[in-house]
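Following: one structure in structure tokens, then a few remarks.
The values are calculated or read from the model by the stated rules, or taken from the named source; none is laboratory data. Nothing here was measured: the structure is a model prediction, and the numbers come from that model. Using ideal geometry, Cβ is built from the backbone for each residue, glycine included, and neighbour counts are taken over all protein chains shown.
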Amino acid sequence: MLRLGYSSCPNDTFMFHALVHGLVPDAPQVEVVMEDIEALNRRALDPGADALPLSKLSVGAWVRVREAYTVLDAGAALGRGCGPLVVARDPAALSDLGGRRVAVPGLGTSAYALLRMFGPQHEPVPMRFDAIMPAVERGEVDAGLIIHESRFTYREHGLIQVADLGEVWEADTGLPLPLGVIAARSSLDADVRQRFERALCASVRHAWANPADSRPYVEAHAQEMERSVCERHIALYVNDFSASLGEEGKAAIETFAQRFAAL
């Protein structure tokens, strides 16, 4: 049985529901390890950690372990209009954050890599993604880098958008933004990897064709997220690139890797 790591975020549970619940013919059996994305990143980045043969990884983490992990063609969080946001209590520009304390959802995340690419030098304050908006709201940090469903709810915390790093990336590269991928250990048997890849693509397509099937599973892990927010989250992060990266998706990931190497 293969151990498979992914997060409790609606896009992941939506995509994987059919695969892990026996709704995809010929899918390999998996043992699910459900953790926050930064915890999954740390597993891959730490040589002493219990490495998973299959795992969701931030692209910002994958580029640091690309010799050990192969990106799969299915399961990516990659697209347009889906970038992380920088938010603050008061109006500001990205350039105003030089030397300021900025809450970030982990040093291995794609979001933090983007902030390093396009923002000024600052003091990062790592914390769980769901703790960032409250920390900004309380004034514990000067700004926050938010991901996942937070882009739909930050106004409810009285916060203001400083920058959309996805828009900055798209304007600079002309490419969709790669945020997360499903990766397999390079040591995993190629036939097993390809079988899983096909099953994941089928699972994504099943989810699109039968959205009601996955709803209880998605909502059970959505941390009391409202259904409308879950649906917007899924619609944004599960798209054609999730079924297959294609040439444009692969180009976006490689461009990200090149930009990361230059940091």
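Summary table below
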read-out: Tally, over the range 1-16, of residues that are crowded, with 19+ Cβ neighbours inside 10 Å and either not acidic (Asp, Glu) or not assigned by TED's automatic domain parsing to the domain that holds residue 212 (or both); value: 11
read-out: Residues located in the range 173-204, provided they are basic (Lys, Arg) and either over 19 Å from residue 14 (Cβ atoms) or surrounded by 24 or more Cβ atoms within 10 Å (Cβ to Cβ) (or both); value: 185, 193, 195
read-out: Those residues of the range 128-139 which are in contact with a strand residue (DSSP E or B) (Cβ under 8 Å, 6 or more places away or on another chain), modelled with pLDDT of 95 or more and not small (Gly, Ala, Ser), in sequence order; value: 132, 133, 136
read-out: Any chance residue 52 is at pLDDT 95 or above and farther than 23 Å from residue 196 by Cα; value: no
read-out: All positions within the range 41-62 that are more than 19 Å from residue 1 (Cα to Cα), aliphatic (A, V, I, L, M) and surrounded by 22 or more Cβ atoms within 10 Å (Cβ to Cβ); value: 44, 57, 59, 61
read-out: Residue list for the range 81-100, filter: loosely packed, with under 15 Cβ neighbours inside 10 Å, of a type in the set (Gly, Ala, Ser) and more than 14 Å from residue 121 (Cβ to Cβ); value: 81, 93
read-out: Residue ranges of strands (runs of 3 or more DSSP E) in the range 33-145 with at least 1 members over 14 Å from the mean Cα position of the chain (by Cα) and in contact (Cβ under 8 Å) with a residue 12 or more places away in the chain; value: 54-58, 69-71, 85-88, 101-104, 123-126
read-out: Matching residues in the range 1-32 - criterion: being polar (S, T, N, Q) and assigned to a loop (DSSP other than H, G, I, E, B); value: 7, 8, 29
read-out: Only listed residue being in the same structural domain as residue 121 (by TED's automatic domain parsing) and either out of contact with any Ser or Thr (no Cβ under 6 Å at 6 or more places or on another chain) or of a type outside the set (Lys, Arg) (or both), chosen from 52, 94, 19, 45; value: 94
